[in-house]
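The values are calculated or read from the model by the stated rules, or taken from the named source; none is laboratory data. All of these numbers come straight from a predicted model, not from anything done at the bench. So basically every Cβ, Gly included, is an ideal-geometry build from the backbone, and we count neighbours across all protein chains shown. Heads up: the accessible areas ignore ligands, DNA and RNA and are worked out on the full protein's heavy atoms, side chains in. Shrake-Rupley method; radii C 1.70, N 1.55, O 1.52, S 1.80 Å.
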Amino acid sequence: MVKNIHEIRDPIHNFIRLDSNERKVLDSRPFQRLRYIHQLGLTYLLYPGATHRRFEHSLGVMELASRVYDVITNPAILHDTVRDEVPQFNSFNHKYWRQVLRMAALCHDIGHLPFSHTAEKELLPEGWNHERITLEIIRSAEMESIWKEIKITSDDVAKLAVGPKYFRESYFSNWEAILSEIITGNSFGVDRMDYLLRDSHHAGVAYGKFDHYRLIDTLRILPKEEDGSIEPVLGIEEGGLHTAESLLLARYFMYTQLYFHSIRRIYDIHLQDFLKKWLPDGYFRTALLDHLQLNDNTILTELFRAADDVTLNGHDPARRIVNREHFKLLYQRNPRDVNENPDSAKAVFKAACDKFGLNNVRKDNYKQRGNGHEFPVITEDKQILSSLELSDTLKNVPIVAVDYVFINPELYQDAKKWKKENIQTIILLKKEENHE
Amino acid sequence: MNRLQGDVVILSLIDNLKEKGSWCGETHIQKATYFLQELFDIPLGFEFILYKHGPFSFDLSDELTAMRADMLIKLQPQPRPYGPSLVTRDGSKSIKNHFSSTLKKYDSNIKFVTNKFRDRGVAELERLATALYVTLEINPNKSSEFRAQCIIELKPHVNIEEARAAVKEIDEIIRDSQKRK
């Protein structure tokens, strides 16, 4: 007898189940490629356990998206004001959108470049990002034939997979916006839930863990009211507020302690430098076949070759990675300097380049996107309040912001002395006309 | 315009809206920035898309978060039915002083937008901003009725009378703004 339900063992969610039609997506070449894309790029050079791949993360996102869908569309707990937005339980539409959501969740990362987020902006031609590649793959001939068999449309999958920021061809209804929020939402997106839990597990750090079972059980679609305007969004029962706090704190700690660890970031920059030299014209090709042929393994092979051969393109950044001779941290933002000049790191970078030469200095910066700390909460007496009214913790979760300047290790001692002597002058805001 | 110059324009917009009695939630700032950028061609560089409640910029939303990280603004929770306000912090004063010539350049534009939209509710701002979006992006040179129909197609919760009124008002606002360019 042909087995219709397939089970995959997963360290985070125990079993992930999918049916034979869904298995065709799993078996497709674009999805199998994710087995060879590290979830956290070169982070394993610092946290040796962090060798997991986009493949298992994508399965985890599908699993969590289904769990959230089943909870929030349960008619027994639907809030009266949003009932009309949700397809009737077990109706054709209800089942259709569950299937679309699962496939969108499974494919949400399918367009990732090798080593995940490493320098995507610098290494793709103007107008391209991994979300656009994701859209192209979902609409490719190979995937279209699978969607046809599953009886869902590629546009619906694509829309939910990349969300409103990247899907510009049609507008999002309230229902589609909620479904997209399940995957990519700022407060309760399951993409983030899975990567926090999974990255934390593999890296061997505890910061990313939170009670996701409780959190998902208490999620609700609730009306978000704002001065005469009402929209249905993902919110939470008051009983789940503490787990929501722990999710958002987990995000803060994982970003500051793991994702933006300064050494992890400088390895990413050296890898970007290598790829700039190694790739034809310094960019990844965006044609589908070219994209599918490149993965972390093909690039690592070239990286090791270049590290051993001074005549090959990208030798210097390659040897810095392979021989662990990375640039050292010279400066990072701090509240005192930021108060003086919000772009203090940029000023230090510019001054350091003038002093030590462009080739000996690197910079990195990141600021948290979106917010996610404000969402509706339904209290035990059925009032709907803002999370910020109910939680002092959420009001005070810091925003993640990172600014680093790195220096060639051979110049580190000189640069440190130079920085100490000149920092106050360097970070002074220059006259306005110089900023034009 | 560099990032900090853009930030001082937003800071000034927030201060002006607050001073004129606006509750100044993120939606207010989103819509007011959209009007400012589109009516006066101020090169703030934000890309707006038509989202659930009219034109919305994810870039601007990210920039507001970045401004919180840079200690220029902060969230201030408000009682129901209002979402949190965004208010400027003391640290913003020195940046505004530093970029006083940028502020001077756009001051009358900021005041124009503040005066037009300071006391509007979120739903009203959504209609007006959508009317501007329809006029500028989708159907320039089309009749008022055509644009009103377009609004109700995009936003089914807006009725035709509200859409017509929004188109009529936005045409007046565009005319007024052009006189001030």
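Figures for the structure shown
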quantity: Number of positions in segment B:33-79 that are over 16 Å from B:L4 (Cβ atoms), open to solvent by 10 Å² or more (accessible area, probe 1.4 Å) and either small (G, A, S) or within 11 Å of chain A (Cβ to nearest Cβ) (or both); calculated: 15
quantity: Total residues in segment B:94-135, condition within 11 Å of chain A (Cβ to nearest Cβ), within 30 Å of A:E340 (Cα to Cα) and assigned to a helix (DSSP H, G or I); calculated: 10
quantity: Condition met for A:I146 (touching a Lys or Arg at 6+ places or on another chain (Cβ under 7 Å) and not in a loop (DSSP other than H, G, I, E, B)); calculated: yes
quantity: Every residue from segment A:386-399 that is closer than 13 Å to A:G239 by Cα and open to solvent by less than 30 Å² (accessible area, probe 1.4 Å); calculated: A:S387, A:S391
quantity: Qualifying residue in segment A:250-269 (condition: part of a strand (DSSP E or B), modelled with pLDDT of 95 or more and open to solvent by less than 10 Å² (accessible area, probe 1.4 Å)); calculated: no
quantity: Qualifying positions in segment A:85-105 - in a helix (DSSP H, G or I) and either open to solvent by 40 Å² or more (accessible area, probe 1.4 Å) or of a type in the set (S, T, N, Q) (or both); calculated: A:E85, A:F92, A:N93, A:K95, A:R98, A:Q99
quantity: Qualifying residues in segment A:17-55 (those that are of a type in the set (S, T, Y), assigned to a helix (DSSP H, G or I) and touching a residue at least 40 places away in the same chain (Cβ under 8 Å)) - the one farthest from A:G208 (Cα to Cα); calculated: A:Y36
quantity: From the options A:V68, A:V25, A:V82, A:V2, residue that is at pLDDT below 95 and surrounded by 16 or more Cβ atoms within 10 Å (Cβ to Cβ); calculated: A:V82
quantity: Residue that is open to solvent by less than 70 Å² (accessible area, probe 1.4 Å), of a type in the set (D, E, K, R) and touching a Gly at 6+ places or on another chain (Cβ under 6 Å), where the choices are B:E162, B:E126; calculated: B:E126
quantity: Restricting segment A:52-99 to residues that are β-branched (V, I, T) and within 30 Å of the chain's Cα centre (by Cα), the residue that is farthest from A:Q383 (Cα to Cα); calculated: A:V61
quantity: For B:T102: the one exception among (1) more than 26 Å from B:E137 (Cβ to Cβ); (2) β-branched (V, I, T); (3) at pLDDT 95 or above; calculated: (3)
quantity: Selected residue (criterion: least open to solvent (accessible area, probe 1.4 Å)) from residues of segment A:299-311 that are of a type in the set (A, V, I, L, M, F, W, C) and without any contact (Cβ under 8 Å) to a residue 24 or more places away in the chain; calculated: A:A307
quantity: Any hit, segment A:115-130, residues being crowded, with 23+ Cβ neighbours inside 10 Å and more than 15 Å from the chain's Cα centre (by Cα); calculated: no
quantity: Count of residues meeting criterion [assigned to a helix (DSSP H, G or I), more than 14 Å from chain A (Cβ to nearest Cβ) and either farther than 27 Å from B:N115 by Cα or over 21 Å from the mean Cα position of the chain (by Cα) (or both)] in segment B:136-181; calculated: 6
quantity: Entirely in segment A:299-396, the helices (runs of 4 or more DSSP H) that have 1 or more residues that are at pLDDT 95 or above, more than 11 Å from chain B (Cβ to nearest Cβ) and in contact with a strand residue (DSSP E or B) (Cβ under 7 Å, 6 or more places away or on another chain); calculated: A:344-356
quantity: Filter result for the condition that a residue is open to solvent by less than 40 Å² (accessible area, probe 1.4 Å) and without any contact (Cβ under 8 Å) to a residue 40 or more places away in the chain, over A:L197, A:L215; calculated: A:L215
quantity: Residue within segment A:233-240 that is free of Cβ contacts under 8 Å to residues at least 40 places away in the same chain, of a type outside the set (S, T, N, Q), assigned to a strand (DSSP E or B) and within 19 Å of A:N371 (Cβ to Cβ) present; calculated: no
quantity: Members of segment B:80-120 found to be open to solvent by 10 Å² or more (accessible area, probe 1.4 Å), closer than 30 Å to A:E389 by Cα and more than 16 Å from the chain's Cα centre (by Cα), listed by number; calculated: B:R80, B:P81, B:Y82, B:P84, B:T88, B:R89, B:D90, B:G91, B:K93
quantity: Residue match in segment A:175-188 (condition: more than 22 Å from the chain's Cα centre (by Cα) and surrounded by 17 or more Cβ atoms within 10 Å (Cβ to Cβ)); calculated: yes
quantity: Selected residue (criterion: least open to solvent (accessible area, probe 1.4 Å)) from residues of segment A:277-298 that are charged (D, E, K, R), at pLDDT below 95 and within 24 Å of the chain's Cα centre (by Cα); calculated: A:D290
quantity: Residues located in segment A:149-174, provided they are open to solvent by 20 Å² or more (accessible area, probe 1.4 Å) and assigned to a loop (DSSP other than H, G, I, E, B); calculated: A:K151, A:T153, A:K165, A:Y166, A:R168, A:E169, A:S170, A:Y171, A:F172, A:S173
quantity: Which listed residue, of A:Y404, A:Y412, is touching a residue at least 40 places away in the same chain (Cβ under 8 Å), more than 16 Å from B:L64 (Cβ to Cβ), open to solvent by 10 Å² or more (accessible area, probe 1.4 Å) and assigned to a helix (DSSP H, G or I); calculated: A:Y412
